[in-house]
Amino acid sequence: MSDLLDEIESFLMRQDMSPTRFGREFVGDPQFVFDLREGREPRRDTREKVIAAMAAFVPEAVAKPLRLGIAGLGTVGGALVGMLQTCADDLVRKHGRRIEVVAVAARSRSRQRGFDVSRYEWHDNPVDLAKSRNIDLFVELIGGEDGPAYAAVRAALEAGKPVVTANKALLAKHGVELAALAEQRGAYIGFEAAVAGGIPVIKTLREGLGAAKVTRVYGIMNGTCNYILTRMGNEGISFPDCLRDAQALGYAEADPTFDVGGFDTAHKLAILTALCFGCEIAADEIFVEGIESISQADIKVARDLGYKIKLLGIAQHNPDGIEQRVHPTLVPESSAIARVDHVLNAVSLETDHINELMLAGPGAGGSATAASVLADILDIARGHNVPPLGAPVAELTPYRRAPMRTHEGGYYIRLNIRDVPGALASVTTRLSEAGISLESVIQRPDVQVAAETGETGPTRTVILITHETMEASVRAALAKVTDDGFTSGAPQVIRIENF
């Protein structure tokens, strides 16, 4: 194909326009399409018309830039501004519309951010920015489930402006309400960056699966927890020491409860559950356990048994409802999810048509998150619009929770048992009475865990691995074990998933 034909093909792709439309509306000669298809050089007069039409073509979208207002100029907001400045011309060439930041809002005007904020219209109040007639799209990067973030997003949607946000807490609490408001006002909410940072899982669920029906979604959705568990496994470091290192590196907040307690993962899982199963968001219905109680004994025994410990968010559709849970999980070292380490995230989708699809990549960080924010902005610039939660709000089913205690699988149980005659026999008897079969009983001096404060006599750390059983049976048996008085402290229970 000649250079001219290559140029025509490239031009049409950039403008997202069919050759027939371009030939009919702008060249005045739709017949050149046949030459294009056959790879032939157009006739001289047609060639001249095509060249002139391409040179004179100015899309309406380019003539009218998409004007952004960004609320929140922290790590992600700063990275987004930098990307838009650096890639401005490329974005016009690839997407046919100039994207400009025209106004911003943040806590401090004087803070050094690596770019000149005086170039932009400044708003102290993000709600004022959201209402401004000078912006076409509102980007919320403030954070928080309520307060200024919620008020500003509502204000933008009420004004009919599209919104892009990275705020999973906001969506977990108010997502259905905001999606309904967006539909009423003909607006759009993009939130790719709210779940798993730079991984395009939201777009995949809303647009990429076709008729495939998701039956289960699970994944590593918090980089802080994954970093801590990876270092504990690779370097033999305790949880408190790993947490301090994560805080020093900026991976964990001064108060890390939201991350290590599993709540960040729970917010993300609630959003994914709604998209996967077409139900309302129900963050308050999630069973949540964090990683604070994970010890080196747990890490070491898991490794010796061929497992790694990961904090997973898991949601699946059962006949009696939807089960959502966040907790530490033993996964086979040979599984794909076990190989996702450090601050990386991964989300796996099990469907009826394509079996299993895993998306993995950076789950946090300024550049990765800003790239997902920008992807949503570009969709809006192209006029893209789909229901925020994958289906109109009126079609979402009420959330029906499947009882967590019905979960069936293998279990890792760690107990501190008093070193007295009959103690271990009492424990195994209680498990047997509940119909629980043990795969192994592990007692080793190198996995001894200190007894609870106040315990005066000697104890032994005993680890039990069960065959597949019901969680209700495990919990009932351990309650009786505790009542018998042969153990010290609370049992450590970790579910085993053979992905």
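Laboratory data are not the source of any read-out in this text; all were calculated from the coordinates shown. These numbers were taken from a predicted model, which means no experiment stands behind them. When we count neighbours, we look across all protein chains shown, and the Cβ atoms used for this are built from the backbone with ideal geometry, even at glycine.
Numerical summary
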| item | result |
| --- | --- |
| Rounded tilt (10° steps) of 168-185 against the dominant C-alpha axis of the chain | 40 degrees |
| Long pairs among 131/268; 203/308; 94/131; 168/203, criterion Cα-Cα beyond 19 Å | 131/268; 203/308; 94/131 |
| Packing-based exposure ordering (other Cβ within 10 Å, fewest first) of 265, 461 | 461, 265 |
| Hypothetical label at residue 300: residues of the stretch 410-449 whose amide nitrogen lies under 12 Å (7 Å Cα-Cβ projection) | 443-449 |
| Rounded to whole Hz, the Karplus (6.51, -1.76, 1.60) HN-Hα couplings of the stretch 492-499, x for glycine and proline | 9, 10, 10, 6, 10, 10, 9, 5 |
| Percent RCO, i.e. relative contact order, over the chain, from Cα pairs under 8 Å lying at least 6 residues apart | 13 percent |
| For the stretch 262-279, 3J(HN,Hα) per residue [Karplus equation, 6.51 cos²θ - 1.76 cosθ + 1.60, θ = phi - 60°, Hz, x = Gly/Pro] | x, 6, 4, 4, 4, 4, 5, 4, 4, 5, 4, 4, 4, 5, 6, 10, x, 10 |
| Order of 14, 206 under a 10 Å beta carbon neighbour criterion, fewest first | 14, 206 |
| MRE, 222 nm, helices only [DSSP H, n ≥ 4, -39500 (n - 2.57), over the chain, to nearest 500] | -11500 deg cm²/dmol |
| Relative contact order (%) - criterion: Cα under 8 Å, at least six apart; region: the stretch 143-239 | 21 percent |
| Degrees, to the nearest 10: 44-56 long Cα axis against longest axis of the chain | 60 degrees |
| Taking N as its residue count, the alpha carbon Rg of the chain over 2.2 N^0.38 Å | 1.19 |
| Fraction of beta bridges assigned by DSSP in the chain that are antiparallel (%, nearest 5) | 65 percent |
| Local electrostatic count at residue 307 - Lys and Arg +1, Asp and Glu -1, tallied over other residues with Cβ under 12 Å | +1 |
| Under-5 Å amide H pairs with residue 288, H placed in peptide plane, nonlocal only | 326 |
| Using alpha-carbon coordinates, inclination of helix 223-235 to the longest axis of the chain, degrees | 50 degrees |
| Packing-based exposure ordering (other Cβ within 10 Å, fewest first) of 342, 267 | 342, 267 |
